[in-house]
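Below: the structure, in structure tokens.
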Amino acid sequence: MMRIPSRLCVRWLALFTLGAPALAGLAPAATAAADAVAATGGHAWEAGDSPETLEAWVNAHLKRADAAVARLLAVKGARTVDNTVAAYDEALSALIDTQAQAQVLYGVGATKELRDKAQALTQKASAAATALNLNPAVYKALSAVPRPPDAGVRHYLERTLLEYRLAGVDRDEATRAKIKALQDQITERGLAFERTVHDDVRSILVEPSQLAGLPPDYLATHKPDASGKVKITTDPPDAYPALKFADNEDLRHRLWLVDHQVGYPANTELLRSLLAARQELAHLLGYATWADFAMADQMIGSPAKLAQFLKQVDDAARGPAAREDAALLAFVQQKDPAVKKINAADMRYWQEQYRRAKFNFDSQSVRPYFPYAAVERGVIDTAARLFHVQIKPVTGLKTWHPSVTTYAVYDGATKLGTIYLDMHPREGKDKWFSTSPLNLGVHGRQLPDGALVCNFPGGTAGDPGLMQYGDVVVFLHEFGHLMHHIIGGQNRFAGEGAFNIEGDFIEAPSQMLEEFFHDYGVLTTFAHHYQSGAVLPQELYVRMTRADTYARASDQLRQLMYTAASLDYHTMPPATMNFDQVWQHDFERYNTSAYVSGDHFWASFTHLNGYSSNYYTYVLDKVIALDFFAQFDPKNLIGGPTGMRYRNRVLAPGGSRPAATLVHRFLGRDMNLDAYQRWMLEEFQGTATVSSSAH
Ligand SMILES: [Zn+2]
């Protein structure tokens, strides 16, 4: 129920902050000329774990890209898909794979030296990708390829040419040099912004007595130090339970505030310079704002069309959200009549208390049914059954850390790819929940593989890793991204892979998979008590599901808040921007709780790097995801034919068709808000029905 959308992310979008419009911009790709390059694929950590081995690996791959470009340019005679698109795809895929792996290591590398080197090499690979997408000779060569009959390849080629034009390839040399310099600045500043957040773990010290309300396993791992105090950090497994369960108001307020000050003030001028570079680039390319530029190649098309869509969402959510918030305030006022507005730092706590009182649902009561290891098996099994694939553990693969687990994905006897799970916090690792490709897929040549980098409970000896309900939903979400990448990575070219679909479709498959959490048949396959082995009782499930309908609408308003902030930061003049003022304005537009002075959340809002102005992606894709989910038979969610149809029509095409085409093929019509509105009206009425499907 509690979502922390600001920390969810698909890392691969960050790959594109350089090449072209920030999202999905760059084209992609990998390889096809069935020649040269034995060095396809592979992993940066296989050769060693020092900064030197990483650098050597990156340089070898950049050379591979250079060689492919040289081959492309050396072609004599007629341009074809085989001699030109294939070579381009190989070059770009070498760059993207390199950048993706350097970026993963920048988040998970074992030492500071390795992370520093990985950050620098991510910039280097990004700069090479930018250079490729501003290379007029490559553009000219691709333009000369006759449009191929294969619809997927044709779409890839046309989209690539569009991205070239958007990136400014047809400008004069001086302008291209300026564009390149700005793109490189954007990457560098964006990475530095994220790095500040990554390195800035804050904490508070509290009295042991202030931990009242927190569950026993939390208390067991939070013992007083020599001075008698308990330390609570801003790491998600530390902070989120405390904000939700601690009865002590002083603890909640202090912790919430330090959590909302991560990155501040260090990121203030860094963010300003990032936004200024984006604005300058947008102006140089003829766009009024960065948002206009960043939406030009997306499903939504423009800020004007986005405004229409957001109005519909606002109309759908505002009424129900107001009812939710009014009920919550009345509930709090029964306990303390002096409260006029709920403090923003107390919202999670009071929502939890409200759910306990009104729905007889204590979210701690289900945690014993969600120990990490069982949830991992359950999420994997659910995805495997739904998408008709087999997902089997693999041993012996070298990874970047001993705690990383690996699985291979099969369709019958055919291997589709490999997944890497790095799921628990550790010193020096980033604090997000994200999915990243490691290698893009090229049919017959390179299997796709990808990683989840998360911060779930567990991972240490003796800790069962009891997860919150919302953690399980996040796991499903990220696994949805991973399945999209693997199943959609089986096309002829890497550039036809899932990651190259319009960026504002990328959160639809992930949010669709979240919905499967609400099915009792699905849950009972893995939700067993970690001590007794008892199945999650149906009666508890019913209370949980009813409680979940509460706060759906206000959660959606929160998404509109992040959407508005990301748009405002990318449309207002950066030089004079007061980040706090903008943030407070957008906060108050979408919340009835009281804004807290000193809230600098924007300083750790890393989506401002990866998604730039386009945070709306989550809201747009929630609408699409619910429309998708409504096509499944609620009585037979997993076992019916819809899962396979979804796999074939939405996931498997990857980026080989426009997203709107995939949506239309699956739904048999364009998307609409009907399912979203039904879902919203279900909320708070407790009308969600219990469904169960075949196991
Ligand atoms: Zn996501």
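The values are calculated or read from the model by the stated rules, or taken from the named source; none is laboratory data. Given the structure is predicted, the values throughout are model-derived calculations rather than measurements. Note that we place each Cβ from the backbone using ideal geometry, even for glycine, and neighbour counts take in every protein chain shown. These accessible areas exclude ligands, DNA and RNA; they are computed on the full protein's heavy atoms, side chains included. Shrake-Rupley method; radii C 1.70, N 1.55, O 1.52, S 1.80 Å.
With a simple spin-label model that places each label point 7 Å from the Cα along the Cα-to-Cβ direction, the separation between E539 and K335 comes to 2.6 nm. The 3J(HN,Hα) values that the Karplus relation (6.51, -1.76, 1.60; θ = phi - 60°) gives for the range 524-534 are, in residue order, 5, 5, 9, 7, 10, 4, 5, 9, 8, x, 5 Hz. Gly and Pro appear as x.
Using the Cβ-Cβ distance between R147 and N648 with R0 set to 22 Å, the FRET efficiency from 1/(1 + (r/R0)^6) comes to roughly 0.30. Counting only residues at least eight positions apart within a chain, or on another chain, the lysines with an alpha carbon under 23 Å from that of K140 are K63, K76, K178, K180. Projected label points at A56 and N672, each 7 Å from Cα along the beta carbon direction, are separated by 6.2 nanometres. Relative intensity of the chain on a log10 scale, I(q)/I(0) at q = 0.07, 0.11 Å⁻¹, equals -0.44, -1.16, per a Debye sum over C-alpha point scatterers of equal strength in the absence of solvent.
What Kirkwood hydrodynamic radius do you get for the range 376-497 when you take the inverse of the mean 1/r over all pairs of distinct Cα atoms, in Å? All intermediate terms of the calculation are to be shown ahead of the outcome.
Details: mean 1/r = 0.0668 Å⁻¹.
Answer for the range 376-497: a Kirkwood hydrodynamic radius of 15.0 Å.
Take every pair of alpha-carbon atoms less than 8 Å apart whose residues are at least six positions apart; their mean separation over the length of the chain yields a relative contact order of 19 percent. Relative to the current alpha-carbon distance between E249 and E207, full extension at 0.36 nm per residue lengthens the span by 13.9 nm. The eigenvalues of the Cα gyration tensor, multiplied by 5 and square-rooted, give the range 528-581 an equivalent ellipsoid with semi-axes of 44, 14, 7 Å from largest to smallest. Annotation: amide H of A451 within the under-5 Å range of Y420, S436, L438, sequence separation 5 or more or interchain, hydrogens built in the peptide plane.
Peptide packing: for 264-274, 660-670, the average count of neighbouring Cβ atoms within 10 Å per residue gives the ranking 264-274, 660-670, highest mean first. Return the long-range amide H neighbours of L466 (sequence gap of 5 or more, or a different chain), with a cut-off of under 5 Å between placed amide H atoms. Long-range HN contacts for L466: Y372.
Taking amide H atoms as placed 1.01 Å from N in the peptide plane, the amide H of V394 lies under 5 Å from those of T406, Y407, A408, each 5 or more residues away in sequence or on another chain. For the range 259-301 versus the range 95-133, the spacing of their alpha-carbon centroids is 21 Å. Using Cα-only point scatterers and the Debye equation, what is log10 of I(q)/I(0) for the range 455-571 at each q in 0.17, 0.22 Å⁻¹, rounded to two decimals? Calculated log10 I(q)/I(0) at the listed q: -1.07, -1.28. Straight-line cross-link partners of K335 among the lysines, defined as a Cα under 18 Å from its Cα and at least 8 positions apart when in the same chain: K244, K358.
For the peptides 61-72, 436-447, the ranking by packing is 436-447, 61-72, with the highest mean count of neighbouring Cβ atoms within 10 Å listed first.
The protection proxy used here, the mean number of other Cβ atoms lying within 10 Å of each residue, ranks peptides 353-360, 475-482 as follows, highest first: 475-482, 353-360.
At a probe radius of 1.4 angstrom, the accessible area of the chain per residue rounds to 34 square angstrom. For the residue pairs K398/K429; K223/K340; K305/K622; K117/K431; K311/K340, the alpha carbons lie more than 24 Å apart in K223/K340; K311/K340.
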